[in-house]
Amino acid sequence: MTESFRYQNEVLACENTDLVEIAAQAGTPLYVYSSAELRQRARAFRQPAEGMSVHYAVKANGNPAILRLLKEEGLGADVTSGGELYLALAAGIEPHKIIYSGVGKRSDEIEMALVAGIESLHVESEMEFEHIAAIAAGIKRVARIAMRVNPDIGAETHPYDSTGRLVHKFGVPRKTAVSLYHQAAQHPWLQPVGLAAHIGSQITRLEPYRELIAFLLALAGDLADQGIRLAYIDTGGGLGIDYGGQECVPEIDEWVSDLAGPVLDAGYRLVIEPGRAIVGPAGLLLTRVLYTKSQGGKSFIIVDAGMNDLVRPAMYNAHHPILPVCLNNDPEALIIQDVVGPVCETGDFLARNRPLPTMTSGNLLAIMQAGAYGFAMGSNYNGRLRPAEVLVHGDRFKIIRRRQTNEHLLDGC
């Protein structure tokens, strides 16, 4: 747990508001975020070094209230779609603080970004490069671009979270990048401004980043020798968080300082794209026990949150700490149980073989470290309604997304 989530009088609280009170007013399942934790983590990324830009990865959690809060803390945005660009602009993030990554940018999304005047588009393929050039010329807007280079560097993370190998769909090889930079430098509607890479997510070691920085600085140096001097180097995001006491994760300031030193010393601005490491520990999923049962030698806790609300356990076999909201009189009396949801899939589980107290209908459980890729990856599968989201400020909270009703299932029909 972080300082923002702790037991007070044997009831789990977010800041100074207990979760029983929040659930009574806002219902369950429910995402709960701590504004204090969000601000503290955003500041931790900004403070270690001057001459760097922090662009929050909107894909981790795009709630407009969270984006506005992070904008207040001076963060820009890393977006991966026209929808995320719209959310960032609607939150008041200045266009010159927005970068646009993503392997499949549509024509209307590229034009939207150019008209908005964002900091840069990160090019992911030769065909996309040609497409951006044609659109920029057609609307007579200079496109500031950076090549996303695939460094062929592995990261010790889940295979679905690894993005830096040549067998992955992301970026272009080094040789291709050099060729595209020279073409861009000669093009009247293209302006090469940066160099970017991203090797994965939920990375818990510094060594892959050190290898990445050496790769990017060598490439940037070669380009400078050829007359192409870039303004920034973007090392991506991907810093992991501790999901259960097993990971030895670098501290934020250690990670940032490790990246910033070599890049700034070489005379480039450093751009980083943290997402999970900002919002992950700042949120939890609050769920209520519906039933319990035992069969086949197993004990099940059936709750009102399912894989449609938090897909990470089913998709990545991810571990999230789970805490009872109210402590009982004997915290040592734990039994091994599965926490499962109501979705009609065997993969609909939130935890397997977890030591938890005996639960009864109506009890509350808190699924921790759920602020990133929780609501953002949710769905209406099985006709289930998307949960509400609340943001806590000390001893009060505000609903920042209303719970869906059945009528929302007809949206667009």
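A straight chain from CYS413 to ARG68 at 0.36 nm per residue would run longer than the Cα-Cα distance by 121.1 nm. Stokes-Einstein diffusion for the chain, with the hydrodynamic radius set to the Kirkwood value over Cα pairs and evaluated at 25 °C in a medium of 0.890 mPa s, equals 109 µm²/s. Put simply, the Cα atoms of region 42-89 extend 31, 18, 16 Å along their principal axes, the longest span coming first.
Per-residue 3J(HN,Hα) values for region 215-232, derived from phi via the Karplus relation 6.51 cos²θ - 1.76 cosθ + 1.60 with θ = phi - 60°, read 4, 5, 5, 5, 5, 4, x, 4, 5, 4, 5, 9, x, 10, 9, 9, 7, 9 Hz in sequence order (x marks Gly and Pro). Once the C-beta distance of GLU345 and ASP258 is scaled by a Förster radius of 45 Å, the resulting FRET efficiency is 0.65 to the nearest 0.05. In terms of surrounding Cβ atoms within a 10 Å radius of their Cβ, TYR243, TYR56, TYR291 rank from fewest to most as TYR291, TYR243, TYR56. Treating r as the C-beta distance of GLU211 and GLN404 and R0 as 60 Å, the FRET efficiency rounds to 0.85. When you restrict to C-alpha pairs under 8 Å that are six or more residues apart and normalise by the size of the chain, the relative contact order lands at 19 percent.
Among the lysines of region 35-279, pairs that are 8 or more positions apart or on different chains and have alpha carbons within less than 25 Å of each other number 11.
Contour minus end-to-end for ALA218 and ASN382, with contour as 0.36 nm per residue of separation and end-to-end as the Cα-Cα distance?
Details: separation 164, 0.36 × 164 = 59.04 nm, distance 5.05 nm.
Taking ALA218 through ASN382 to full extension adds about 54.0 nm, to one decimal.
The percentage of C-alpha pairs in region 265-413 whose separation is greater than 28 Å is 27%. Based on DSSP H segments of at least four residues, each scored -39500 (n - 2.57), the chain has a per-residue ellipticity at 222 nm of -8500 deg cm²/dmol. Extension gain, ASP265-ARG229: 0.36 nm per intervening residue step, less the Cα-Cα distance, totals 11.5 nm.
Quick note: the coordinates plus some simple rules give every number you see, no bench work behind them. What you see is a predicted model; the values in this text were computed from it and never measured. Glycine gets a Cβ as well: all are built from the backbone with ideal geometry, and neighbour counts include every protein chain shown.
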